[in-house]
Structure formats: structure tokens, C-alpha cells
1. I want to confirm something. Restricting to the stretch 43-82 and keeping residues that are of a type in the set (Asp, Glu) and exposed (fewer than 11 other Cβ atoms within 10 Å of the Cβ), which single residue is modelled with the lowest pLDDT?
2. I'm checking my understanding of the structure. Among residues of the stretch 23-42 that are outside any helix (DSSP H, G or I) and in contact with a helix residue (DSSP H, G or I) (Cβ under 8 Å, 6 or more places away or on another chain), which one is surrounded by the fewest Cβ atoms within 10 Å (Cβ to Cβ)?
3. Could you list, in sequence order, the residues of the stretch 70-82 that are part of a helix (DSSP H, G or I) and of a type outside the set (D, E, K, R)?
4. Identify all residues within the stretch 49-69 that are free of Cβ contacts under 8 Å to residues at least 12 places away in the same chain, part of a helix (DSSP H, G or I) and not charged (D, E, K, R); write none if there are none.
Amino acid sequence: MNPNTVISKEDENIRPTEDENIRPTEVGTIVDYLSRYVLLADAHAFDVANAKAKQDLIHGIIPVKEYKKLLDQEERLELLRN
């Protein structure tokens, strides 16, 4: 596709906000963490998120399976960095 091509988004092609499954504030947080991790090479970029996830696990807000998935993903990111 030519980079100068303009693509018009008609109203019928735009998803209603009710169909979104990630809140805008969560997207901002995700961008913040990933920016710190990638651009600043900050090995501790996810420390706050991990502490919150651990608290959510302790209080039964997230299941053990989700917590383990989070840790596995972080471990894979660390392997990619090295």
C-alpha cells in the first residue's frame, strides 16, 4: 500500500466503545510500563504491576493461573532482552 494513501473510516466500521474490553486508562498504563521497559531498559519497570498482581492474588481477585501466566510472560521478556 502506498504510504500516502488515505483510508477513510466510515461510522459503520468503527467499533462501539461498549465492545472494547480494555479501558483507556489500562491502555495508558500498559504503554507506560512497556515504554519504561523497552526505551529505558528498566529491569524494574514491572515491579509496581507485579506487586499489585500479587495483592490481587492474595485477595482472590485473580486466579493463580493468571498470576503464573503474568510471571511467565515477564520471564520471556527478560530472556528476549538478554
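1. My answer is Glu75.
2. It comes out as Ala41.
3. Matches in the stretch 70-82: Leu70, Leu71, Gln73, Leu77, Leu79, Leu80.
4. Ala51, Gln55, Leu57, Ile58, Val64
The values are calculated or read from the model by the stated rules, or taken from the named source; none is laboratory data. Quick caveat, the model's predicted, so the values are computed rather than measured. Cβ: placed from backbone, ideal geometry, glycine included. Neighbour counts: every protein chain shown.
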